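Asker: Here it is: the structure, laid out below.
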Amino acid sequence: MISMLDILTSDLLRYPLIIAVLIGLTAPVVGTYLVQKRLSLLGDGLGHVALTGVAVGWLVGAWLAATPADLLAIPGALAASVIGAVLIEYVREISHTSRDVALAILFYGGIAGGVVIIQLAGGTSQNLMGYLFGSLSTVTRLDTVIALVLAVVVLAIGVGLSGLLAAVTADDEFARAAGLPVRTVNILIAVMAALTVTLSMRIVGALMVSALMIVPVAAAQHLVVGFARTMRTAMVIAVLCAVGGLLITVYVDLPPGGVIVLLTIAVYVAALVVRSLLAARRSRPAGGPGPTAADAAPVAARGPSHR
């Protein structure tokens, strides 16, 4: 049986655990703004674009004879996702393309580019599986350092500029009329999402990282009220689910990304049940339970009253 001491002292397990905590802290910060802007699918779109970056990094690594072959995969994913984040805002504003169309282009173009380019690099689509769904065995010390740097940047922007970001996401038109830098803020939020996707790929996977951005925020909205309280509660939920899911996969051979996402969904369902029960309790009359069907039957039998 693997003990907690083994997890903390083994590089194979310690690095994924550190990244899991970082994901839990950063993903809900970005997700809070995405939910506010109704851009819940942005993380999915950037995840697909990041796959193209992984393949490009793999191709460049093959040209440079890098060891291992995927040494530049994460830097490639970072560059591709940031460029994709900026492009989606540019395309939407310049061509008046709606966000859902721009996201669809990212979805299909990203996955197609990744599959084609990885083949050119001498690999196969199987090489992308670890990036699609997460894999503990592929996490390295370099991945952990990159994740730490990206997490610091995301938290510095997302928490340090929370007042400005919240004002713009709440109402674009009012913020523009007030002279706030709406375009810059929109690009910052998209870039934060891109950084979060990149740091989460190794553990959660590109296809499921968006769930860790959105679902904890949705669960928190059922439990608390207020922008800041929602963000903090979502961060707690995400950290617990990310670490808990990772520990489960240490003892059971399951994909970490899938387990983490299922845990967040379970928390969301539990939060929904708790909210429903509290709402039912508040709606109940203070004097006790309302009239029963038996009490109402004689009234119905008398029919409508006539004056």
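Asker: How far is helix 227-251 tilted, in degrees, relative to the longest principal axis of the Cα atoms in the chain, given as a value from 0 to 90 rounded to the nearest 10?
Answerer: Between helix and principal axis, roughly 60 degrees.
Asker: Using the Cβ atoms and a cut-off under 14 Å, what net charge is assigned to the surroundings of Val168, where Lys and Arg are +1 and Asp and Glu are -1?
Answerer: 0
Asker: Consider the candidate values [x] 21.4, 68; [y] 23.4, 96; [z] 20.5, 72; state which one is Rg and Dmax of the Cα atoms in Å computed from the structure displayed.
Answerer: Among [x] 21.4, 68; [y] 23.4, 96; [z] 20.5, 72, the one calculated here is [y].
Asker: Quick check on the chain: helices-only [θ] at 222 nm, where DSSP H runs of length 4 and up contribute -39,500 (n - 2.57) each and the sum goes over total residues. Nearest 500, please.
Answerer: -25500 deg cm²/dmol, from helical runs alone.
Asker: Relative to the longest principal axis of the C-alpha atoms of the chain, give the angle of the C-alpha long axis of helix 293-302, reported between 0 and 90° and rounded to the nearest 10°.
Answerer: Value to nearest ten degrees: 50.
Just so you know, all these numbers are worked out from the coordinates, no wet-lab data involved. Source: prediction; values computed, not measured. A quick note on method: Cβ atoms are made from the backbone with ideal geometry, for glycine too, and the neighbour counts reach across all protein chains shown.
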